[in-house]
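*Asks:* Just passing along the structure, written as structure tokens.
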Amino acid sequence: MAQPEHDHQRPPEAVFDWLDDSARRRERAGLRREMRVRDTAGTAAGAAVGAVDLAGNDYLGLSRHPEVTAAAAEAATVWGAGAGAARLVTGTTRLHQELERELAAFCGTEAALVFSSGYLANLGALSALCRPGSLVAADAANHASLIDGCRLTGAEVVDLPHGDAVALDEALATRRQPRALVVTESVFSVDGDLVELPEVLAVCRRRGAGLLVDEAHALGVIGARGEGALGAAGLAGSPDTVATVTLSKALGAQGGAVLGPRRVIEHVLNSARSFLFDTGLAPACAGGALAGLRVLRREPGRVARVRAVAARLHTGLAAAGLPVAPVRAAVVSVRAGSARAAVAWREGCRAAGVEVGCFRPPSVPDRFSRLRLTARADLTDEQVDRAVEVIRACRPA
């Protein structure tokens, strides 16, 4: 009898030995990640006290706003530390419903549905709106949550060159499937560039496709009121368009939401597994996000300020001769020579009192590693200028 090609007998302690090889390869490539623990003052371990934070996503500086933290604390006291069940069981509080109504009104859509994270909102929207026999046309630079959501649909997925409306039109025109959904971010999370939404929607309508837009990096940043890119383009509330947002960036809390026509939201509520079988968003997060949204409505000047901070960062970095991408929102991207160079650059900035993001494969869709800086409305011009000088001085040779 022929012997099997592989001997599958191994002791229990050897079952995961293959992980060691993976770890060594990550280390050699400069792709090893590790946790960065913050102390009670909000400073990351290894960073200087009072560091300027350009690494997080607290765009409007609301995560520590007294109204937001007070609302979160009150919600936890009144409703408990957790929702306690899925939203359709007993996990929906008055705060969840108020948040959904006010989000929809602010963004100009008929309805909204809150999930426990933006990641799950994307998974839920895509799995509810697409199925085997559909076509999904997705921008190649989309966030991982959109990529994973597309994979879950069972539909045929076409990855399109970034921002290529001609390729999109061709993919939709030559499809065999009767139903199609175009999936894109409005502000792309890596380089901060914007999709041309009117052009994309025009292609969708010419070819009979729906459009799903991830507004995670646009809510609170794009538009005169921070209503997002769809609203700024006059496309909010379109009957063939669905948006997703996160509550963990501009609103300073946590969670996500799907927004769109009422019948779409009703369908998502009844069919999205990441909604049906997930414990609801914690009341503290719902209360904090609701308070953050109300502060944003009352203080639209924060929107202009975060864009002004991003522009000042870009101007300073470009003047210093650094390879910085054009800035259209609150994300400022600076190319690094390699993954190792990006890590060394980040560590140098941290030691000098500036926290910056470090994006390496597979977090970026191409071979270029980057520093990713995120502007904040609560930074002073002096802090921005100091950050620019630190980033310039710490650039690896």
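*Asks:* What longest range of the chain stays clear of loop-exposed trypsin sites (Lys or Arg not before Pro) (DSSP non-H/G/I/E/B, at most 13 other C-beta within 10 angstrom)?
*Replies:* 177-366
*Asks:* Counting only helical runs of four or more DSSP H residues, what would the 222 nm mean residue ellipticity of the chain come to if each run contributes -39,500 (n - 2.57) and the total is spread over all its residues?
*Replies:* Numbers: 14 runs with 161 residues, N = 397.
After summing the helix terms and dividing by residue count, I get -12500 deg cm²/dmol.
*Asks:* With all protein chains present, calculate the accessible area of SER363 using a 1.4 Å probe and round the result to the nearest 10 Å².
*Replies:* 60 Å²
*Asks:* When only C-alpha pairs under 8 Å and at least 6 residues apart count, what is the relative contact order of region 10-136, in percent? Show your work: numbers first, answer last.
*Replies:* Values: 40 pairs, mean separation 8.4, N = 127.
Over region 10-136, the number comes to 7 percent.
*Asks:* Per the Debye formula with a single identical scatterer at each Cα and no solvent contribution, what log10 I(q)/I(0) holds for the chain at q = 0.07 Å⁻¹?
*Replies:* Those come out to -0.35, one per q.
*Asks:* Regarding region 279-370, what whole-number volume in Å³ per residue does the convex hull of its Cα atoms give?
*Replies:* Details: hull volume 15.1 nm³, N = 92.
In region 279-370, the Cα hull volume divided by residue count equals 164 Å³.
*Asks:* If exposed chymotrypsin sites (Phe, Trp or Tyr not before Pro) are those in a DSSP loop with at most 12 other Cβ within 10 Å, what is the longest stretch of the chain that has none? It would help to have the intermediate numbers written out before the result.
*Replies:* Working: sites that count: PHE16, PHE277.
Longest gap between qualifying sites, sites excluded: 17-276.
*Asks:* First compute the accessible area of the chain with a 1.4 Å probe, then give the percent of it belonging to carbon and sulfur atoms.
*Replies:* Values: 9860 of 18330 Å².
The nonpolar share, carbon plus sulfur, comes to 54 percent.
*Asks:* Follow-up question, since we're still on this one. Using the Karplus curve 6.51 cos²θ - 1.76 cosθ + 1.60 with θ = phi - 60°, what ³J(HN,Hα) values do you get for each residue of region 83-98, in whole Hz, with x for Gly and Pro?
*Replies:* So the Karplus estimates, Gly and Pro as x, are 5, x, 6, 5, 4, 8, 9, 10, x, 9, 9, 4, 4, 4, 5, 4 Hz.
*Asks:* Moving on. Take the eigenvalues of the Cα gyration tensor for region 18-173, scale each by 5, and report the square roots as semi-axes in whole Å, largest first.
*Replies:* Details: eigenvalues 212, 166, 62 Å².
After diagonalising the Cα gyration tensor, the semi-axes are 33, 29, 18 Å.
*Asks:* May I ask what percent, to the nearest 5, of DSSP beta bridges between residues of the chain are antiparallel?
*Replies:* Expressed as a percentage, antiparallel bridges in the chain total about 50.
*Asks:* Debye sum, Cα scatterers, region 90-140, no solvent: what log₁₀ I/I(0) at q = 0.13, 0.30 1/Å?
*Replies:* Each listed q corresponds, in turn, to -0.44, -1.15.
*Asks:* Here is a further query. Can you list the GluC sites (Glu not before Pro) in region 320-397 that are in a DSSP coil and have 15 or fewer other beta carbons within 10 angstrom?
*Replies:* Working: sites: GLU347, GLU355, GLU382, GLU389; in loops: none.
Here no GluC sites (Glu not before Pro) fit, given the DSSP loop and packing criteria.
The values are calculated or read from the model by the stated rules, or taken from the named source; none is laboratory data. Here the structure is a predicted model, which is why all the values come from computation and not from measurement. As a convention, Cβ positions derive from the backbone with ideal geometry for all residues, glycine included, and neighbour counts pool all protein chains shown. The area values use the complete protein model at the heavy-atom level, side chains included, leaving out ligands, DNA and RNA. Shrake-Rupley method; radii C 1.70, N 1.55, O 1.52, S 1.80 Å.
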